[in-house]
Amino acid sequence: MFSILGPFLRLLAFALFTAPVFAQGGPDEIPPQNDTTIEASDLAEQVATDARLRDRIRAILIELEGYEDVNVTVRAGIVTLTGEVLDLASSARLEELIGRMDEVVTIQNEVVETTDLAKRLNPAVERMVVRARQLAAALPLVAIALTVALVVLFVGLRLARMTQPWERLAPNAFIADIYRQMVRIVFGIAGIVIALDILNATALLGTILGAAGIIGLAIGFAVRDTVENFIASVMLSVRQPFQPNDTVEIDGDQGKVIRLTSRATILLSFDGNHIRIPNSTVFKSRIINFTRNPERRFSFDIGVEAESDLKAVRQLIEDTVTAMPFTLDAPGTTVWIQDITDSGVIFTVTGWIDQRTTSLLRARGETLRLVKQAIEDGGFAIPDTTYRIRMDTPPFATLTETSDETAPAPTPPQSPSPRAPTPGEVEVVGIDAQDDEALEEMIATERDDTSNPDLLRRDAPIE
């Protein structure tokens, strides 16, 4: 009976299914095709793909530490993550890991950072334990590396303490100390590099050097003046522009050199005062060394009345200065008319001495005295520029009648012929270098103080 009803039932079902279609259009119309129709086989395949992707992600999370509380669901290639992790960085790494899978369409990351104190402390404790075990295992290697570094440093310190060859290579003790310091630094760095190479941690050296470079740059800007002063000290100790007891003028200060230290140049002024000038200032300033050339010139100005025989006066002054026993024949004496003023004619007089045996100031003063005496003895007058007010004369002059005869002009007195003294006739006093010798004794006493280092040497090369 069912064999007879089967075909009939199938025909009835077909009629009921197709009735709406024939009601909407004619027999020639073809129903439109739907492109978005999902076949049952495609849906089953997507479900299987999602299951495989979910199982794969779960297997990966099981192998990784810190993702035990993460749940994974996959639908149509969309991965949804829920649960807790130790920190947000772990969540970001998980998202990046899953995003590299081919079947993943997108990721919905709903993982939050855990607030459980025990879960957050346990990994840190475990890392500390692991690192402690690693350090204990590496202690023998660390001991070897430290021993090698100390041996290298010890060798460098022994070389730096040696007197030679540093004293022979350096021009002074200051430069020798710099050489020794450089040896210490080089051997110290070499010891650190060898130790890090033994520990296979040479990458750490770049970080240390980078940090040291930044710190050194900051310190350099902070102590720029000190660094500039130190470099100037090195240059001055090498160039030696002056020596002990030299009479110099630096930046307007005059005096005799006591010593050159690593920070300043110390002078003894002619008043007995100590002048301390920073070496950076000395290096950049104009330095006048009066001692480098033993011959030194003195000069002064002297005036005579305008009515005098200027040629005779000039010759008299020149012969007088030349006749001095302390003046040098070369470069010689020079006298010239400097100016003509209301008070008279001004002569400039120069002469040369050997300052090793003659005091410049005393020689100048003695020459000025003898030139004045020679001018007066020669019958010439030195103008008196002093103004006097006389109150004993009547305020008004008496008017008298003048005669037609013109009174003859008074005859000026005849001056005797000027004669310059000969060298044997000139008697000078106090022209030796007693003041300089006294200053040199004071400087010698100062230099005997060994607590203050000196960078100047008599045998050092000078500019």
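The values are calculated or read from the model by the stated rules, or taken from the named source; none is laboratory data. Quantities reported herein were computed from a predicted structural model and do not represent experimental measurements. Quick reminder, even Gly has a Cβ in these numbers, built from the backbone with ideal geometry, and neighbours come from all protein chains shown.
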- Test result for LEU88, loosely packed, with under 13 Cβ neighbours inside 10 Å, free of Cβ contacts under 8 Å to residues at least 40 places away in the same chain and touching a strand residue (DSSP E or B) at 6+ places or on another chain (Cβ under 7 Å): yes
- Query: How many residues are farther than 14 Å from ARG180 by Cβ, under 41 Å from the mean Cα position of the chain (by Cα) and polar (S, T, N, Q) if we restrict to segment 125-163?
  - Reply: 1
- Task: Determine whether PHE154 is in a helix (DSSP H, G or I) and either in contact with a helix residue (DSSP H, G or I) (Cβ under 6 Å, 6 or more places away or on another chain) or surrounded by 16 or more Cβ atoms within 10 Å (Cβ to Cβ) (or both).
- Result: no
- Take GLY332 and decide whether it is under 23 Å from ASP309 (Cα atoms) and small (Gly, Ala, Ser). no
- Selected residue [out of contact with any His (no Cβ under 9 Å at 6 or more places or on another chain) and within 21 Å of ARG127 (Cβ to Cβ)] from ALA89, ALA44, ALA59: ALA89
- Report whether or not GLY213 is in a helix (DSSP H, G or I), over 25 Å from ILE288 (Cβ atoms) and in contact (Cβ under 8 Å) with a residue 12 or more places away in the chain. no
- Do we have VAL74 as surrounded by 15 or more Cβ atoms within 10 Å (Cβ to Cβ), more than 59 Å from the chain's Cα centre (by Cα) and either in a strand (DSSP E or B) or of a type outside the set (Val, Ile, Thr) (or both) here? yes
- Options ARG54, ARG10; residue that is under 22 Å from GLU110 (Cβ atoms) and either at pLDDT 50 or above or out of contact with any Cys (no Cβ under 6 Å at 6 or more places or on another chain) (or both): ARG54
